[in-house]
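Asks: Okay, handing you the structure first.
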Amino acid sequence: MKPAMDGVRPAPAVLVVEDEPHMQFLLTENLELEGYTVRSAETGEAALHELSRRAFDVALVDVMLPRMSGFEVCREVRARGLRLPLIMLTARSEESDRVIGLDLGADDYVAKPFSVRELLARVRAQLRRTAVQPDSREEFVFGDVRVHVGHRLVTRRGHRVEMPTREFELLQYLLAHRGEVVSRDQLLRDVWGYSQVVVTRTVDNFVAKLRLHLEPKPHDPRYLITVHGSGYQLVA
């Protein structure tokens, strides 16, 4: 979220990317009634323009946009290094579509028709998740790895480790809960934004990628260990 001015926290800013006028109006009206500052865009190109001009705390992105799809918007947002939560809105409910969106960097996926109350709860959940990230001034060191959260910098043996946004967010979460055993469901909820339990190997795949970056022996991990039947634990 954006910094407070004179001790007063500004209203969270939400970008609504929706080309259907009635749905755009419905979302905007209800978000504003909740106290959010809302701007809207009808196309993916307009959304990217808005994101280049100002900071947002969360974006609601319709998948079925004209010309540039919501998936393409999601891919471009993450390619630009923007880390705001993205909630995808779609009439497509197949699990494969949800997995595609999440793997591209989306944080949550809401199928139409949806309850406005549920959608607002999803927005609040994403804002809570970003609010509890580790202190941006903190630096963590384990083994030959050094993580500077504020600079989004990971080094190993003094060399920078290039890490995609979602991998870094997973690492941040594990650092915030270092020493704790966190379950796959907990990670899907708090890092990926899933509100329901789903069957996916997304977490396992991302943990494997982190181990390749951080572990001396990725297949015999020393720091990011598996607690069988429970989840994962970062010992750092």
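What follows is calculated from the coordinates using simple rules that are stated; it is not laboratory data. Model, not experiment: these values are computed from the prediction. Neighbour counts run over all protein chains shown; Cβ positions are idealised from the backbone, glycine included.
Asks: Specify the longest stretch of the chain that does not include any exposed loop site, a site being one of the GluC sites (Glu not before Pro) with a non-H, G, I, E, B DSSP assignment and at most 10 other Cβ atoms within 10 Å.
Replies: Here the longest segment lacking exposed loop sites spans 1-93.
Asks: Can you compute the charge dipole magnitude of the chain about its Cα centre, using +1 on each Lys and Arg Cβ and -1 on each Asp and Glu Cβ, nothing else charged? Give it in debye, rounded to the nearest 20.
Replies: Dipole magnitude for the chain comes out near 860 debye.
Asks: Say each of Arg160 and Asp103 gets a label point 7 Å from the Cα, pointing the same way as Cα to Cβ; how far apart are those two points in nm?
Replies: 2.8
Asks: Rounded to the nearest 0.05, what FRET efficiency is calculated for Met68 and Gln186 with R0 set to 41 Å and r the Cβ-Cβ distance?
Replies: 0.75
Asks: Okay, moving on. Could you tell me which of Val110, Leu33, Leu174 has its Cα farthest along the dipole of the chain towards the positive end, charges placed at Cβ (Lys, Arg +1; Asp, Glu -1), taken about the Cα centre?
Replies: Leu174
Asks: Still on this structure, please answer the following. With +1 on the Cβ of every Lys and Arg and -1 on the Cβ of every Asp and Glu, and nothing else charged, how large is the dipole of the range 139-234 about its Cα centre, in debye rounded to the nearest 20?
Replies: Using Cβ point charges on Lys, Arg, Asp and Glu, the range 139-234 gives about 220 debye.
Asks: Are there any helices in the chain, counted as whole DSSP H runs, that stretch 15 Å or more along their axis by Cα and score at least 1.6 on average by Kyte-Doolittle, and if so which? Walk me through the numbers before you get to the answer.
Replies: Details: long enough: 21-33 (18 Å, 0.03); 116-131 (22 Å, -0.31); 165-176 (16 Å, 0.23); 202-214 (18 Å, 0.39).
Passing helices, by number: none.
Asks: With just the Cα atoms defining each centre, how far is the range 201-235 from the range 63-85? Give it in Å.
Replies: Taking the Cα centre of each part, the range 201-235 and the range 63-85 sit 28 Å apart.
Asks: Name the shape class, rounded, prolate or oblate, that the alpha-carbon gyration tensor gives for the chain, where a ≥ b ≥ c are the square roots of its eigenvalues, rounded holds for a/c under 1.5, and otherwise prolate holds if a/b is larger than b/c and oblate otherwise.
Replies: Note, shape of the chain comes out prolate.
Asks: How do His148, His22, His49 rank when sorted from fewest to most other Cβ atoms within 10 Å of their own Cβ? Let's see the in-between values first.
Replies: Values: His148 15, His22 8, His49 11.
With the sparsest Cβ surroundings first, the list reads His22, His49, His148.
Asks: Based only on other Cβ atoms within 10 Å, what is the fewest-to-most ordering of Val141, Val14, Val38?
Replies: Details: Val141 11, Val14 24, Val38 20.
Ascending number of Cβ neighbours within 10 Å: Val141, Val38, Val14.
Asks: Please give the length that would be gained between Arg117 and Leu26 if that part of the chain were fully extended, namely 0.36 nm times their separation in residues minus their C-alpha to C-alpha distance (nm, one decimal).
Replies: Net length gain for the segment: 31.6 nm.
Asks: Counting only Cα, what are the radius of gyration and maximum Cα-Cα distance Dmax of the range 13-131, in Å?
Replies: Reported Rg and Dmax, both Å: 12.8, 34.
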